[in-house]
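Below is one structure; the comments refer to it alone.
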Ligand code: PBG
């Protein structure tokens, strides 16, 4: 009897065969764990919309770091919640700023754990925008324009002070034009030509950052971020953003958020040969957690499926709040 169809199921018949033909394999070496650090003592504070994620004061970090290192997660991404905020985000580039102090502490305790510093001003400005703002009143309401070139100077200061504190990688997330060129120049001039830039190249103005803004207290006090972050409707524009970053000297490109933008990741992966980073953001984490806590989904299977899909779409590494959980599940056999 001649067959007119292909037996695809031959390669699916056992776990052993499935594992031999698997195209995408997730490992803890792919993960970057974000950490929120804050001032004070004895602080391990819940973030309501992100169960399992905390704000830590520096004296409370040890347990978290030990767990990350024991799970073979190679890197952490630091976000700081400062004690004071002002219009120019001074505590973002203070030598004793919270991210700088956390970096020193982590590098002294775990020199091999990579510290990636998020370089932005929104957690440190009283208005919550990612750059310097010109404010004015319009019909009795406070408004403001985010000033591009004036902000670059502050971002360079921030990146240099993070490198001085010992950050291994600088990750600028502010979406000002020219930020990679400015920061590259500033780092080189300050003697940090060996420090790579992981650029948040394609960052959308997304509703998926909601829980982060609760965690970091960084919701904009007026307006929104649509004049600097990208329109979720645009994919070709992502190529232009990425191309600028490549020309300006970025070492790695990022797409953020990730889950709703897998098409954009695949395009970037095919067009550019720099390592590609996926950011599985706070809202993506919150959705899965909420459904899991209701008993509506199988959390482990869903998280591993989501992370695998990001890698399949082209991510070389994934920033994810699920890093510790996923690393544990993979250790226990995962999938
Ligand atoms: C800072 C920054 C944000 C995130 C990472 N860096 C927030 C924003 O742009 O509003 C979001 C991360 C997340 O949602 O997990 N600009």
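The values are calculated or read from the model by the stated rules, or taken from the named source; none is laboratory data. Since this is a predicted model, take the numbers as computed values, not measurements. Don't worry about glycine lacking a Cβ; one is built from the backbone with ideal geometry, like all the others, and counts go over all protein chains shown.
For the stretch 273-283, the condition holds for no residue, the condition being that it is away from the ligand (no atom under 15 Å from the Cβ), in a helix (DSSP H, G or I) and either closer than 30 Å to residue 245 by Cβ or free of Cβ contacts under 8 Å to residues at least 40 places away in the same chain (or both). In this structure, residue 315 does satisfy being farther than 22 Å from residue 51 by Cα, modelled with pLDDT of 95 or more and either surrounded by fewer than 16 Cβ atoms within 10 Å (Cβ to Cβ) or within 16 Å of the ligand (Cβ to nearest atom) (or both). Given the criteria at pLDDT 95 or above, within 16 Å of the ligand (Cβ to nearest atom), more than 28 Å from residue 113 (Cβ to Cβ) and buried (at least 23 other Cβ atoms within 10 Å of the Cβ), does residue 204 qualify? Yes; evaluated as a whole, the condition is true for this residue.
All conditions in (1) buried (at least 19 other Cβ atoms within 10 Å of the Cβ); (2) not in a helix (DSSP H, G or I) hold for residue 68, with the sole exception of (2). Note on the stretch 145-160: residues that are crowded, with 18+ Cβ neighbours inside 10 Å and touching a strand residue (DSSP E or B) at 6+ places or on another chain (Cβ under 7 Å) total 6. State yes or no: is residue 268 in a helix (DSSP H, G or I), buried (at least 18 other Cβ atoms within 10 Å of the Cβ), more than 16 Å from the ligand (Cβ to nearest atom) and at negative phi? The answer is yes for residue 268. Residues of the stretch 125-144 that are more than 15 Å from the ligand (Cβ to nearest atom), part of a strand (DSSP E or B) and closer than 23 Å to residue 209 by Cβ: 135, 142, 143, 144. Of the residues in the stretch 77-100, at least one is assigned to a loop (DSSP other than H, G, I, E, B), out of contact with any helix residue (DSSP H, G or I) (no Cβ under 8 Å at 6 or more places or on another chain) and over 26 Å from residue 303 (Cβ atoms). Look at residue 3 and say whether it is modelled with pLDDT under 95, over 21 Å from residue 215 (Cα atoms) and either more than 22 Å from the chain's Cα centre (by Cα) or not in a strand (DSSP E or B) (or both). In short, yes. Annotation: residue 187 fulfils all but one of (1) closer than 28 Å to residue 136 by Cβ; (2) modelled with pLDDT of 95 or more; (3) surrounded by 18 or more Cβ atoms within 10 Å (Cβ to Cβ); the unmet one is (1). If we scan the stretch 145-157, do we find a residue that is part of a loop (DSSP other than H, G, I, E, B) and within 15 Å of the ligand (Cβ to nearest atom)? No, the stretch 145-157 contains no residue that is part of a loop (DSSP other than H, G, I, E, B) and within 15 Å of the ligand (Cβ to nearest atom).
For the residues 214, 243, 305, 237, the requirement of being closer than 30 Å to residue 91 by Cα and assigned to a helix (DSSP H, G or I) singles out 214. Scanning the stretch 164-174 for residues that are surrounded by fewer than 24 Cβ atoms within 10 Å (Cβ to Cβ) and outside any strand (DSSP E or B) yields 164, 165, 166, 168, 173.
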